[in-house]
Every structure is written in structure tokens, then in C-alpha cells.
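Asker: Mind having a look at this structure? Questions to follow.
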Amino acid sequence: MFKQKAAALQRETEPAQTTGSENSKQREAIPLAEAKGQSNIKPIPLVTETAAAGFGNEHFSIEEKDVKEYYIIPKFRYSHVDFMIEVSGLSMYPHLCPGDVIACSILYDRAFLQWNKCHVIATREQGILVKRLMPSQHKNCFTAVSDNKEYPPFDIPLDEITGIALVVGSVRLE
């Protein structure tokens with residue numbers, strides 16, 4: 001019964017995309033129950049800020065109590081997404097808005113930083129930050145840059161950083 005309802009729901013919510021054939025359809029969303037059986041699409045946990053703050057720890061694992069909900073996003077199938085977290089504040093506006101959900105891939109080696117791309121940075125003193133990272137003029141620091149020009153750039157000492165994740169995508173509701 002559940003499978004029939006899920007299939008009916010899928011047919012109702014699946015928009016037709018024409019690519020030369022009217023019968024051609026591309027899936028935009030997959031019911032969680034159906035997706036769990038597919039090996040190439042895994043549910044992505046939306047975690048609390050507290051859980052995300054620990055992602056720099058080598059023993060980091062997401063506990064069920066720290067998961068708000070799970071997302072199935074086929075577009076992220078080929079991106080390595082470790083977790084998702086909700087954005088707060090206006091420092092990255094207009095690129096990211098409060099309430100946006102960002103998909104993050106943990107970087108275990110700082111050699112894989114991508115300058116001027118959005119990163120989630122876990123810090124000892126300031127908690128979780130979402131900023132663009134740039135090389136600093138000061139030794140042993142990164143410069144954190146906001147998209148909102150009302151927020152000036154600032155340096156973060158490397159020993160203050162407990163973890164870095166690359167933002168690989170986002171989900172926004174209007």
C-alpha cells in the first residue's frame with residue numbers, strides 16, 4: 001500500500017521535461033522510502049549547528065539525535081556531501097540567505113581549499129562561520145570574506161580552526 005502511494009505521489013510531483021520526446025521525464029525528487037534502496041543516492045543529514053561544530057574532529061560522526069531531518073537531492077548524487085546545515089545571518093547575502101540549507105563536503109586536507117569559494121569553518125571561539133576563504137597577508141591565518149559588503153574581511157588564525165568544509169550547493173525557498 002505504501003509503495004503504491006509513494007509511486008502515485010512521485011507521478012504527481014514529477015515534472016515533465018521535454019528533450020525531444022514528451023515521454024522523457026527527469027526526476028526532481030525521490031521519496032525517502034524509495035531512495036533508501038538505491039545505492040547511489042544516500043539521504044543527506046541536515047544537522048544542528050552543535051553537531052556541525054564537531055566536524056573537524058577526526059572522530060566526528062553524526063549522531064541521530066543531531067539530525068533535524070534528511071534530504072534526498074539527486075543533483076548532489078555525484079558530489080561528496082557529508083552533511084547539510086541551515087544558514088543564519090546576513091553576512092553572505094545575496095549569495096546565501098538566512099534559512100538557506102547548504103550542502104557541505106568536509107575537507108580533511110587544507111591543500112584542497114578552493115580560494116574564494118564558500119566554506120563552512122568551525123572555530124574554537126566563534127563557532128560555525130560561512131565565509132569565502134582567501135590567503136591572508138599574515139602568517140598562519142586565512143582571510144574570511146563575506147559577500148555582504150557591510151561585513152569587513154577578517155583573519156582567522158589557523159590554530160583557531162577545528163574544521164573546514166566546502167559548500168557544494170544550497171537549497172533555498174522563496
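Please treat every number below as a calculation from the coordinates, not as lab data. Note that the structure is a prediction, hence the values are computed from the model and not measured. Ideal geometry is used to build each Cβ from the backbone, glycine not excepted, and the neighbour counts take in all protein chains shown.
Asker: For TYR71 and THR48, what does the FRET efficiency come to when R0 = 22 Å and r is the distance between their Cβ atoms, rounded to the nearest 0.05? Working shown, then result.
Answerer: Values: r = 15 Å, r/R0 = 0.67.
That gives a FRET efficiency of 0.90.
Asker: If you take the beta carbon distance between ASN148 and LEU113 as r and set R0 to 30 Å, what does 1/(1 + (r/R0)^6) give as a FRET efficiency, to the nearest 0.05? Show your work: numbers first, answer last.
Answerer: On the way: r = 22 Å, r/R0 = 0.72.
Result of the calculation: an efficiency of 0.85.
Asker: Evaluated at 25 °C with a viscosity of 0.890 mPa s, what Stokes-Einstein diffusion coefficient in µm²/s does region 68-174 have when Rh comes from the Kirkwood expression over alpha-carbon pairs? List each step's numbers first, then the result.
Answerer: Details: Rh = 14.3 Å.
Rounded to a whole number, D works out at 171 µm²/s.
Asker: ILE62 to HIS95: extension gain in nm, 0.36 nm per residue of separation minus the Cα-Cα distance? Mind showing how you got there, number by number?
Answerer: Values: separation 33, 0.36 × 33 = 11.88 nm, distance 2.71 nm.
So the chain would gain 9.2 nm between ILE62 and HIS95.
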